[in-house]
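One structure below.
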Amino acid sequence: MYASREDIGYDFGDDSKVRSKPIKPNPNIDGGWAWMIVLSSFLVHILIMGSQMALGILNMEWLEEFNQSRGLTAWVSSLSMGITLIVGPFIGLFISMCGCRTTAIIGGILNALGWILSAYTSNVHYLFLTFGVTAGIGSGMVYLPAVVMVGQYFQKRRALAQGLSTTGTGFGAFLMTALLKYLCTEFGWRNAMFIQGAISLNLCVCGALMRPLSPKDLREKYVVRSDSEENRPKALSHSTETIKSNGVLGEEPEKKEEAANEEVLGSVQHVEIGGKSASGRSMYGLRLFKTVSQLTVTVRKGFALWYSSYFGAASLFTNRVFVAFIIWALFAYSSFVIPFIHLPEIVKQYNLSRQDNVFPLTSIIAIVHIFGKVILGIISDLPCISTWNVFLMANFTLVTCILTLPLMQTYIGLAVVCALIGFSSGYFSLMPVVTEDLVGTKHLANAYGIIICANGISALFGPPFAGWIYDITEKYDFSFYIAGLLYMVGIIFLLIQPCIQKKQPREKSTEEAQV
């Protein structure tokens, strides 16, 4: 799981017993410290996703510095973006053992180290390791806790909260593009990366703000959520029931494991008490043994939760709509990433550098992206609007823009298409909400980790593929056409699976009527 015992409780008790008691609203759910979590997540998106969206500036510097092919050089940016998302499921081990706060702080240090080491690289292959792998893993260790914590702290206004926090991507892309341009011009790209590494240390502060909810707080949230779902069911609630019917981590095995763990630690404490009367010298060894025992228990339990969630009987992959969602994610994200990496060079080829210097096209995407996330989040929170339908409409708009972009040869035309790309890509703020509707709050962390892992694979291969197509055809047109067609395939999967999911119960009821 992406949350430890401190982040979310494991024993949620009997719902009937909880509902029978009057529940005092928790001020930290949908308010209070929840807005500090939104602020923390907002800053994380600025420093991580915003910086990655501005890598097109550094990509041009690397092309001039190392004189390598566009396909090879694009791997630096795609590795950083891809690994940030791909490591999602594996970061769950750290969060299960250490919690979201500790994981985010360690990730902030690792991310800053990657930026700083990249300033001293002598060729593009070293950048693969320092920036692509090191900074990428560090980014993933901060990004996932930032998204998951917002989902834990909000119930009634989840879409709006996610929308506000993820607008940091748009603000970050706008700010970091201008900042990296200035730093590269004044100090060179190496010093620019060193300075950016120092700025990235602020991720540790963002991690420190991620105060975990107590089990009692989260239990109250689940009760409120269950009551609200009775009044206003979601369009995809049948998928949530599918996961629940398949079973989750059972309470009985968990209680047995906890009893065994307490028995082991209790025996250690008993020996420790005996050791006090024996000699003070043996106390150090007993305390060390107790610490190692506790660490072993924590690691075993964290790995068991992680393994059972992904590969056990309650595997998320038994949900067909969720599997279709994964297939969509494998094709979707590259269509959004490719313009950020290659647009600066496309503008240069069209001799539009003068207009682009006044107002860069990537900045247009970034600014409109901010409004897209907030507006789509507000629309999705309306009682009469289906989040799933808003999500699909935004996807259709984005894939249309990707297929249309190569046809534009003027700055005005490119600016209009980029604005539409920015607005429609605001559906990213809806992804955690759609994921939660598919699998339930209890599985949100693992499920969203899988989704962004699929997005990471898409981001990993998208920009190098576009650069490789350019090296062959000397044009970026086919790169956008192929990316758009693959994106359309993913959307078709999203449309087909819900229909199949609804059709199966009808067929079953018909067979029962015949019997």
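The values are calculated or read from the model by the stated rules, or taken from the named source; none is laboratory data. Since this is a predicted model, take the numbers as computed values, not measurements. Positions of Cβ are backbone-derived with ideal geometry, glycine not excepted, and every protein chain shown enters the neighbour counts. These area figures cover heavy atoms from the full protein model, side chains too; ligands, DNA and RNA do not enter into them. Shrake-Rupley method; radii C 1.70, N 1.55, O 1.52, S 1.80 Å.
At a glance:
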{"item": "Condition met for residue 63 (part of a helix (DSSP H, G or I) and surrounded by fewer than 20 Cβ atoms within 10 Å (Cβ to Cβ))", "result": "yes"}
{"item": "Complete set of residues in the range 188-225 that are at pLDDT below 90, part of a helix (DSSP H, G or I) and among the aliphatic types (A, V, I, L, M)", "result": "218, 223, 224"}
{"item": "Subset of the range 181-205 (residues that are open to solvent by 10 Å² or more (accessible area, probe 1.4 Å), small (Gly, Ala, Ser) and within 25 Å of the chain's Cα centre (by Cα))", "result": "198"}
{"item": "Selection within the range 155-197 - more than 26 Å from residue 120 (Cα to Cα) and charged (D, E, K, R)", "result": "156, 157, 158"}
{"item": "Helices (runs of 4 or more DSSP H) completely within the range 353-459 that count 2 or more residues being touching a residue at least 12 places away in the same chain (Cβ under 8 Å) and either among the small types (Gly, Ala, Ser) or open to solvent by less than 10 Å² (accessible area, probe 1.4 Å) (or both)", "result": "361-380, 387-404, 411-424, 431-439"}
{"item": "Helices (runs of 4 or more DSSP H) enclosed by the range 68-180 - at least 3 residues per element that are open to solvent by less than 10 Å² (accessible area, probe 1.4 Å), touching an Asp or Glu at 6+ places or on another chain (Cβ under 7 Å) and modelled with pLDDT under 85", "result": "none"}
{"item": "Members of the range 465-476 that are in a helix (DSSP H, G or I) and surrounded by fewer than 24 Cβ atoms within 10 Å (Cβ to Cβ)", "result": "465, 468, 469, 470, 471, 472, 473"}
